[in-house]
1. Could you tell me which of the residues Lys297, Lys333, Lys277, Lys240 is open to solvent by 80 Å² or more (accessible area, probe 1.4 Å) and modelled with pLDDT under 75?
2. Among the residues of segment 284-325, what is the count of those that are among the basic types (Lys, Arg) and in contact (Cβ under 8 Å) with a residue 40 or more places away in the chain?
3. Assess whether Ile466 counts as being crowded, with 19+ Cβ neighbours inside 10 Å and either at pLDDT below 85 or assigned to a strand (DSSP E or B) (or both).
4. Could you tell me whether any residue of segment 116-135 is closer than 18 Å to Val66 by Cα and outside any helix (DSSP H, G or I)?
5. Could you run through segment 258-300 and say how many residues are part of a helix (DSSP H, G or I) and more than 32 Å from the chain's Cα centre (by Cα)?
6. Which pairs have Cβ atoms under 9 Å, sit 6 or more apart or on different chains, and link a residue in segment 74-87 that is more than 12 Å from Leu38 (Cα to Cα) to one that is of a type in the set (A, V, I, L, M) and open to solvent by 50 Å² or more (accessible area, probe 1.4 Å)?
7. Can Ala177 be described as of a type outside the set (S, T, N, Q) and over 30 Å from Asp13 (Cβ atoms)?
8. Take the residues in segment 300-330 that are in contact with a strand residue (DSSP E or B) (Cβ under 9 Å, 6 or more places away or on another chain) and small (Gly, Ala, Ser); name whichever of them is most open to solvent (accessible area, probe 1.4 Å).
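The values are calculated or read from the model by the stated rules, or taken from the named source; none is laboratory data. Worth saying up front: this structure is predicted, and the values here are computed from it rather than measured. Cβ sites come from the backbone with ideal geometry, for glycine too, and all protein chains shown count toward neighbours. SASA here: full protein model, heavy atoms, side chains in, ligands and nucleic acids out. Shrake-Rupley method; radii C 1.70, N 1.55, O 1.52, S 1.80 Å.
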Amino acid sequence: MGIKFVSLQMYLDSIVNWFVPDSILKDADKTKNVRMFLISHLMGPLLGHPITIFLLLQDPNPWPHVYILGASLTLFWVFPFAVKYLGRYYELLAFISIQNLTFAILWGAYNYGGVSSPFLIWVITVPLLAFFYVGSSWIARFAVPASLILSMALFYFTYLNDSSFPVNIPLTSMVEAGLISALCACGYVFMMAIYYTNIVDSQSELLKEQDRHDLTLQELIAAKDDAVAANGAKSDFLAKMSHELRTPLNAVIGYSEILLEDAELESRGEDIADLQKISAAGKHLLAMVNDVLDISKIEAGKMELYIEEVDLAGFLNDVEFTARPMIIQNSNKLYVEKDDNVGVIESDATKLRQAVLNLLSNAAKFTQNGRIELKISREVTDGKEWVSFSVTDTGVGISDEHSKLLFSNFSQAHPSISAKFGGTGLGLSVSQKLCQLMGGEITIESQVDVGSCFTIRLPAYAASGIGSLVIQDEVPVAEIESHDAPEVEAIIADIEKEANQDITTIIVIDDDKAVLELIDRQLSKQGYKIITTDSAQTGIQLTRSVQPDLVLLDIQMPETGGWEVLRVLKADKATRECPVAILSVVDERRKALEMGAVELISKPFNVDKLDRLIEQLNKSRDEKDHLKKMSA
């Protein structure tokens, strides 16, 4: 029985819902009112017409009063259709419906019993239905009571005008009509109460569900905060661990290269092979550590871009120079092609170079005795300029199914690739994320046993650029005094003895003595005068006194950090013009340039990059001297 009742209720709900306009469904409170309106109009005439039938049977002259009453009750079935197609006038339709109900009640009462009519009991439903239909709006509060009072007044004045009520059926014969009217009124009110209770209960369930969702949301927010904190802790851990790992790795790579140079000079073939393996293993491990750190910074939202003008012709030459040795390892040939109008773009040169070299490295690894082509082209799409870097190879190729996995962290096209070719599966993932950070993406076209084409597509012009360092006349921090004055004086005395204007003097400031020894050995071979110190204070004093051609400054130092040293050097009139290059395992080139450094050189130390930097500095210095002579 209960199942049948539920089914009937669901069927009735479906009928009611059909009449509710879509425009009203957006408002939950109004939908509740409309549903009450519809159920009362669909079921109300069924409970009102038993009275009409009784009057037709009992009144010997039912025309026209019984028929008018029946028409008024039947009119309620028209309102649901009016609501469906004229939903924007719902409040007006509700008010008209209430007036029709008032008319039907007073019309029946006037013709059958007057103030003693059993039909007047229905008057109590008028304000109740007004509340159900329009809630606590001005219609329910003022318009309906006012219209009801006016209708009752008209009812009374009509009685006064006729001096009496019509007697169509004697009151003694209205007992059954009174019982039917009372039962129908009770049934009607009971039905509306039940339906309203169901709506309220459903809303209560919705409110409970909303409370549960709010609680879940609070739990999710707390979990998100915990995840953010955990991610921050992970990033800090990776940053610290990467520094601890890269510092000894830099030493391993640097010393192996020194020993390798000595072995090559002495033609010790067996040692050369071993040292090459040591250097390659160290560089591989360092690249993996760098990739993990890059992924961590990108996911934490801490990866910054340094937007600058990039001359693509020079960029291409640099990439070709770096990539050619790894291309020829598998007996491959590298071909470079560029459009005549590639010109200049605005991008992060370091990250772009990292992405392009990664694609070339992959092509070299998966191609044997083949052809690798690097092509740069420029195009305009939808009024926006784009630059494409395409790396095409004749290697093993990748299936469409496996290519979908390429840009996921620690994923490779196929498990067998890791076993055969090695790799962590991070290179392409990092490159894709870097390109997306720069406003572009990497796409792939590949065919198994034919080859692959990876294309980097970036906007030619970025929206942001670097800031500028505001230099003050005075040092903004307390003067950093040197506690190593005798050491400084001794170094200066040695320099004066060896005074030679043709030798480039470089001061290296790093707290790691092993790194200082390594850089000293590497650069001394290049003919530079190297002054090393593991003290920030001593480094500042030496820079003031010696006025070197270049200062190489490590960032992560105890006591006085590298950034603080750079700030002091650039704020001091005596050292402001001395070029400073940052040595760091962390890619913070943008910050370095903003604070006045000329370049950031990543560890392990690259002598060739330093040679190119010194060449640029000397050229710039010569141009300035020439301009001064011309102006004089």
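1. After ruling out the rest, the residue left standing is Lys240.
2. Of the residues in that region, 2 qualify.
3. Here the answer is no, as Ile466 does not meet what is asked.
4. Yes - at least one qualifying residue is present in segment 116-135.
5. 24
6. Leu86/Leu92
7. So Ala177 passes the test.
8. The residue in question is Ala313.
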